[in-house]
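Undergrad: Next up is a structure, given as structure tokens.
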Amino acid sequence: MPGLYRIQEGPLNLDEAVRAVAGPDRGAIATFLGIGRDHNAGRRVLRLEYQAYAAMAERVMREIGEEITERCGTPHTALLHRVGTVDIGEVSVIVAVAAAHRRQALAGCSHAIERLKAAVPIWKKEYFEGGAVWIEGPSGADPAGGPTSDSTR
Amino acid sequence: MRIAVLLFARYSEVAGVSSIEVDVPPGATLSQVWEAVQARVPGLRRETAPLLARDRAYARSEQTVQPGDEIAAFPPVSGG
């Protein structure tokens with residue numbers, strides 16, 4: 001089964017993600033990097049800390065790869081997410097999708113990060129001057145929503 | 001029957017543990033399991049709609065549980 005799906009401590013490597021999806025029949029690779037940002041909701045953010053339910057997270061990531069296979073016609077997806085402390089400017093998540101043509105790769109990459117943010121059991125804690133808070137996604141969301149239920153989002 | 005429930009992020013922080021065991025009647029649903037967790041952890045009593053998972057897949061609150069199932073409860077996710 002092609003693809004790379006991993007929760008890990010320590011820095012993420014874009015080259016690894018690209019290598020995992022590249023191949024001679026693929027003319028396009030789209031990548032997305034999520035970066036620790038220094039501000040949120042009017043606060044100066046000092047650092048982030050991520051926690052994951054790793055066993056389930058990797059399983060849901062693999063399901064997202066299967067969605068991309070169905071929707072975009074390419075099975076070549078890599079999803080890497082870091083846990084533990086992520087400093088400002090560091091990479092927290094990498095998506096890479098390879099396909100024969102650019103439209104499939106770009107659509108797959110976009111779908112992958114949206115679904116990851118909605119469904120993969122990972123949580124971000126934001127440390128700011130004077131405190132820390134767990135960030136939580138919208139509570140009405142249906143994280144189990146699969147390839148059909150989110151097609152109009 | 002005794003069921004272990006994995007807790008994550010804010011739920012785990014509020015409970016002070018990453019896993020908690022509760023006793024529920026045979027044939028209990030995930031909803032009943034969560035109520036048993038809330039009874040043990042007062043700080044979670046306002047959490048009426050947790051995300052629930054059984055054996056590492058999202059599950060609905062009316063699904064029943066069996067001993068040995070890997071059950072988890074957690075707040076809305078925020079990765080990325």
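The values are calculated or read from the model by the stated rules, or taken from the named source; none is laboratory data. Bear in mind that the values here come from a model prediction, so they are computed numbers and not experimental data. Cβ atoms come from the backbone with ideal geometry, glycine included; neighbour counts cover every protein chain shown.
Undergrad: Take residue A:118 and tell me if it is of a type in the set (A, V, I, L, M, F, W, C) and loosely packed, with under 15 Cβ neighbours inside 10 Å.
TA: Judged against the criteria, residue A:118 is not a match.
Undergrad: Give the number of residues within the stretch A:42-71 that are over 26 Å from residue B:73 (Cβ atoms) and out of contact with any Pro (no Cβ under 8 Å at 6 or more places or on another chain).
TA: Qualifying residue count for the region: 6.
Undergrad: In the stretch A:30-45, is there at least one residue being modelled with pLDDT of 95 or more and in contact with a Lys or Arg (Cβ under 6 Å, 6 or more places away or on another chain)?
TA: no
Undergrad: Please work out which one of (1) over 11 Å from the mean Cα position of the chain (by Cα); (2) modelled with pLDDT of 95 or more; (3) within 13 Å of another protein chain (Cβ to nearest Cβ); (4) surrounded by fewer than 18 Cβ atoms within 10 Å (Cβ to Cβ) is the condition residue A:125 fails and give its number.
TA: (4)
Undergrad: Let me ask something else. Do we find that residue A:134 is without any contact (Cβ under 8 Å) to a residue 12 or more places away in the chain and part of a strand (DSSP E or B) in this structure?
TA: yes
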